[in-house]
Amino acid sequence: MNNPEPTPAADSAPDWRPLSLDTAAYRHHLADYDWTDAQKDQFIEDLWKILVGFIDRDLGLDPLQHVMPRPTTLDRDSDTMVASDRFSNSNKKEVASAFAEAAAERTNS
């Protein structure tokens, strides 16, 4: 008989703690700047938020990663096509002409 794996209790604490920031520990790195302690703290906090954002994205913790679809093969192929010479400046007139023809056909039908 298959016994299901026990599930953790809903009230059990996670085995990790959120990152915390002590701005005073980093304030000395900004000693050469003519800023108040409040300005230094704000700069450190802003930089901290940027770094935590990068870490969250790398670990898959960013909320947008949970609601946005993953890139598909078509997305990657589209990026490659746009980066290629197919749509270079020398081809602009040809592409514009093709779009104009398609638009004209669509309005006539």
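The values are calculated or read from the model by the stated rules, or taken from the named source; none is laboratory data. Predicted model only: the values in this text are computed from it and were never measured. Ideal geometry is used to build each Cβ from the backbone, glycine not excepted, and the neighbour counts take in all protein chains shown. Heads up: the accessible areas ignore ligands, DNA and RNA and are worked out on the full protein's heavy atoms, side chains in. Shrake-Rupley method; radii C 1.70, N 1.55, O 1.52, S 1.80 Å.
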Subject >> residue 85 vs. criteria at pLDDT below 75, farther than 23 Å from residue 18 by Cβ and open to solvent by less than 90 Å² (accessible area, probe 1.4 Å) >> reply: no
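Each row is one residue, and each column tells you yes or no for (1) modelled with pLDDT of 60 or more; (2) over 31 Å from the mean Cα position of the chain (by Cα); (3) loosely packed, with under 10 Cβ neighbours inside 10 Å.
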| position | (1), (2), (3) |
| --- | --- |
| 12 | no, no, yes |
| 21 | yes, no, no |
| 34 | yes, yes, yes |
| 52 | yes, no, no |
| 59 | yes, no, yes |
| 69 | yes, no, yes |
| 104 | yes, yes, no |
| 109 | yes, yes, yes |
Original post:
Looking at the stretch 36-50, which of the residues that are among the β-branched types (Val, Ile, Thr) and surrounded by fewer than 11 Cβ atoms within 10 Å (Cβ to Cβ) is modelled with the lowest pLDDT?
Top reply: 50
